[in-house]
Amino acid sequence: MKQVIFNVGGALSVYTEFDDKKLLIDVGKSSEFNPIIDFLVPLYKRRNSEKIADSSKYKIDQIIISHPHKDHLSGIKDFNDNFFPDLLTCPNNNNGMPEGHLINWDLVGNEKEEFILTLRAMLEGRQPPLRTTSDQNEFIYYLPPQTVEDEQELKSESYCNNISIATFLIINNYRVFLPGDLQKSGMEKIINQNYSLQNKLKGGVDVLICPHHGLKSSFSTFMFNCMKNGKTNSLNIVSEKINNPDESRTVDARYSSSAYCNGNNNLKGGNSVEKCYQVKTSRGHIFIDYSTKNHPSFEIITDNERLINKFEN
Ligand SMILES: [Zn+2]
Ligand SMILES: [Zn+2]
């Protein structure tokens with residue numbers, strides 16, 4: 001029951017092992033770190049993990065692509081070269097999707113980019129299941145893209161962010177919410193449209209992988225108001241975007257306050273007596289062990305070898 005939120009700069013990638021299942025959510029990479037080449041391939045090689053018949057690709061239970069933006073997909077070719085997922089989940093336009101779930105690739109844009117071409121090639125002949133690989137954790141939420149497209153005020157970036165697949169994982173009774181790049185409007189809609197998500201939030205959130213990387217433009221008081229106690233229990237995790245003078249690109253300081261997190265964790269803030277409410281992936285990979293009592297155990301890891309060892313054992 002382990003998870004790592006990789007330090008991939010302004011991108012996002014999260015790898016989780018629980019219930020004997022292996023789940024990758026998003027596959028962004030940075031110039032310094034590639035989650036596939038630097039972590040997953042060496043880990044699977046060391047474990048001598050099972051490969052697909054007649055192939056050099058390793059089996060993995062599931063990959064979830066929250067939405068087709070480059071910062072969540074830049075490592076998709078490396079993934080596809082080395083892994084074959086039993087389940088491939090992403091917003092898409094396959095015929096198998098329920099009505100209203102066809103995504104508008106014109107609004108997504110980037111149609112000639114390699115990461116989009118690779119993803120669309122991977123989708124051929126597959127029907128993305130809107131569930132997670134664990135029977136205990138079928139909590140995936142997704143706004144019908146047409147709902148988002150109909151909002152005239154939304155520009156293409158917002159369209160893509162607001163069709164993000166939101167995943168709610170329950171790992172050893174700990175509750176983890178990963179809402180992708182949902183922006184304020186999308187967050188409110190997805191919660192309002194899903195009674196089951198309302199209940200999940202009401203039941204409490206221990207770890208929040210903050211919406212749209214924790215940027216100001218997506219801080220949702222509505223989401224926190226829907227949570228038990230109006231805040232997360234253990235930690236808010238922000239995958240920091242590169243400094244940008246644009247106000248909407250700065251991380252919202254509220255994530256690092258006791259008003260939005262109980263700080264029930266083993267990390268320390270800037271000052272060693274201070275509780276930690278928020279941690280940024282720019283400090284390193286954030287490794288979480290969910291097998292501990294009282295709260296999950298967090299560690300910031302900068303050494304790649306150490307990170308692989310954490311999962312190998
Ligand atoms: Zn993003
Ligand atoms: Zn995005």
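The values are calculated or read from the model by the stated rules, or taken from the named source; none is laboratory data. Since the model is a prediction, treat every value here as computed from it, not as a measurement. Virtual Cβ from ideal backbone geometry, glycine too; neighbours counted across all protein chains shown. Ligands, DNA and RNA are excluded from the accessible area calculation, which covers all protein heavy atoms including side chains. Shrake-Rupley method; radii C 1.70, N 1.55, O 1.52, S 1.80 Å.
Summary of computed values
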| quantity | calculated |
| --- | --- |
| Residue check, residue 55 touching a residue at least 12 places away in the same chain (Cβ under 8 Å), polar (S, T, N, Q) and open to solvent by less than 10 Å² (accessible area, probe 1.4 Å) | no |
| Those residues of the stretch 28-49 which are touching a Phe, Trp or Tyr at 6+ places or on another chain (Cβ under 7 Å) and either at pLDDT below 95 or more than 23 Å from residue 296 (Cβ to Cβ) (or both), in sequence order | 36, 44, 49 |
| Sole residue being out of contact with any Ser or Thr (no Cβ under 6 Å at 6 or more places or on another chain), acidic (Asp, Glu), outside any loop (DSSP other than H, G, I, E, B) and open to solvent by 10 Å² or more (accessible area, probe 1.4 Å), chosen from 61, 86 | 86 |
| Test: residue in the stretch 46-64 that is within 23 Å of residue 210 (Cα to Cα) and within 16 Å of ligand 2 (Cβ to nearest atom) | yes |
| Selection count where residues are in a loop (DSSP other than H, G, I, E, B) and either within 16 Å of ligand 2 (Cβ to nearest atom) or open to solvent by 10 Å² or more (accessible area, probe 1.4 Å) (or both), scope the stretch 205-226 | 4 |
| Out of 119, 201, sole residue that is within 16 Å of ligand 2 (Cβ to nearest atom) and either modelled with pLDDT of 90 or more or within 15 Å of the chain's Cα centre (by Cα) (or both) | 119 |
| Pairs, first within 19 Å of residue 19 (Cβ to Cβ) in the stretch 289-309, second of a type in the set (Lys, Arg) and open to solvent by less than 70 Å² (accessible area, probe 1.4 Å), C-beta under 9 Å, six or more apart | 289/2; 289/310; 290/2; 291/2 |
| Qualifying residue in the stretch 36-51 (condition: more than 16 Å from ligand 1 (Cβ to nearest atom), over 13 Å from the mean Cα position of the chain (by Cα), in a strand (DSSP E or B) and not β-branched (Val, Ile, Thr)) | yes |
| The stretch 164-210, residues that are free of Cβ contacts under 8 Å to residues at least 40 places away in the same chain and within 11 Å of ligand 1 (Cβ to nearest atom) | 182, 183 |
| Subset of the stretch 1-32 [open to solvent by 20 Å² or more (accessible area, probe 1.4 Å), over 22 Å from residue 128 (Cα atoms) and in a loop (DSSP other than H, G, I, E, B)] | 1, 7, 9, 29, 30, 31, 32 |
